[in-house]
Each structure stands twice: as C-alpha cells, then as structure tokens.
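One structure below.
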Amino acid sequence: KGAGVLEFRILPTEGDSTGKTNQTEIAGYLDALKTKGPKAASVGGYTWCELEKVEEFKKIRGAIGGQFGSKFYILSSNKAGETMLRSNNKPWKLTGSRPSSDETGRRAIAFSFDPIAANLFYDLTRNNRGRPLAILLDGLVLSGPNIEEAIRASGIIRGDFTETEVKDMVNKLNAEGPHALAAPTD
C-alpha cells in the first residue's frame, strides 16, 4: 500500500549458459548466507534479496536461493549492466501496469515506462536475453520472469497466473513511485 521503490536485477542461475555466472563465486555466496546472513553476504557482484513469496522461487528456472532464519532469499546481480536501480540511474518511472493477455490468450501483466526508463530497460533486457529478471518492490522480489526479447517502452509479463495473482501484481506495480498510480479501468 502506498508508494514503493521499484527496481530490477538479473538473477544468476545454476549452469548459466551465458558464461556470465561464476559457479565457484556463487558457492561462496551460498556459504556466506548460511553463516553470516543476507546483509553480510551481499558484497561485490551479487546481493541477497528477500522473496516476497517462497513459492515464487520454484517458478524461476535455475535460480539460486537459500534460507536464513525464517526468511528465504534469492541471489541477485549487483553488476553494472545487470541492474536497473534507483540509486545509480537518472530518475525514471513505471507509468502504469494493467491486466492483459499474451498471444495465446493466457493471463499476463502489461506495463509501460516513461522515456528514461524505456531506454534503461531496453539496455538491460537487450544485454540479458534468456536470463531471469527479478522485479523488486521495496527490496522484496515479487517475480522473476525470463527475458525473451529486448523491451523498451512497454511489454508484458507472461506466466501461469491466476486472476488474483494478476490483480495483486498490477496493484503492487502501480503503487511504485513517488505517487501511487490509479489502476486503469476497462
């Protein structure tokens, strides 16, 4: 409820075919999470981000996760070219999201960006095709869809969503930014 901070991070995966993930380094992050906790284990190229719902982890193919205490975390990139964060970019915003459907008629979530965000998101998605992208709101991972193609000003999030899941995600995305956006009406 209310305004939140939306960010995006590429997720390293087990057996990453892009060659961008160092599996030995990943093992060190897993060990550090277990012994030091997520904050102390988040240094360098990767950071641990808390999952909003543990079930989401099962949907992200090859994602690297672990538990510390009662919370579940997913390893996320902190590398240049693999993030779209508020702290190191020009001001940008999501201009809206709404329920939609994909080309097969399955439920999906449509979204659109302002021009600054569109260019940043295009660079992020163009350079990381085939990799999962964590969608974070206030530091919690909401979802991790796979990037199928470069996306600029607008796109859709495909998945096996229930109607409730679509409404929940749209409401959360539309709460992003300095002012909450009104949900579109059809």
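Taking the condition touching a Lys or Arg at 6+ places or on another chain (Cβ under 7 Å) and within 21 Å of Ile151 (Cα to Cα), does Ala80 pass? Taking the combined requirement at face value, the residue does not satisfy it. Considering (1) in contact with a strand residue (DSSP E or B) (Cβ under 7 Å, 6 or more places away or on another chain); (2) on the phi < 0 side of the Ramachandran plot, the lone condition that Thr104 does not fulfil carries the number (1).
If only one of Ala134, Ala175 is buried (at least 18 other Cβ atoms within 10 Å of the Cβ) and modelled with pLDDT under 90, which one is it? Give the derivation first.
Numbers: Ala134 fails: modelled with pLDDT under 90.
When all the criteria are applied, what remains is Ala175.
Quick one: in the range 19-33, of everything that is of a type outside the set (D, E, K, R) and open to solvent by 60 Å² or more (accessible area, probe 1.4 Å), which residue is modelled with the highest pLDDT? The selected residue is Thr24. Look at (1) loosely packed, with under 15 Cβ neighbours inside 10 Å; (2) hydroxyl-bearing (Ser, Thr, Tyr); (3) modelled with pLDDT of 95 or more and you find that Thr83 fails only one, number (1). Of all residues in the range 34-71, those satisfying the criterion of being of a type in the set (A, V, I, L, M), open to solvent by 30 Å² or more (accessible area, probe 1.4 Å) and either under 16 Å from Leu11 (Cα atoms) or touching a Pro at 6+ places or on another chain (Cβ under 8 Å) (or both) are Val43, Val54.
In the range 87-97, the count of residues that are open to solvent by 70 Å² or more (accessible area, probe 1.4 Å), touching a Gly at 6+ places or on another chain (Cβ under 6 Å), without any contact (Cβ under 8 Å) to a residue 40 or more places away in the chain and within 23 Å of Thr47 (Cα to Cα) is zero. Among the residues of the range 98-131, the ones that are among the acidic types (Asp, Glu) and open to solvent by 40 Å² or more (accessible area, probe 1.4 Å) come to 2 in all. So which strands (runs of 3 or more DSSP E) are wholly in the range 5-92 and hold at least 3 residues that are in contact with a strand residue (DSSP E or B) (Cβ under 9 Å, 6 or more places away or on another chain) and over 22 Å from Thr125 (Cα atoms)? So the answer is 65-68, 71-77.
The values are calculated or read from the model by the stated rules, or taken from the named source; none is laboratory data. Since the model is a prediction, treat every value here as computed from it, not as a measurement. Neighbour counts are summed over all protein chains in view; Cβ atoms, including those assigned to glycine, are modelled from backbone coordinates with ideal geometry. Areas reflect the complete protein model, heavy atoms only, side chains present, ligands, DNA and RNA absent. Shrake-Rupley method; radii C 1.70, N 1.55, O 1.52, S 1.80 Å.
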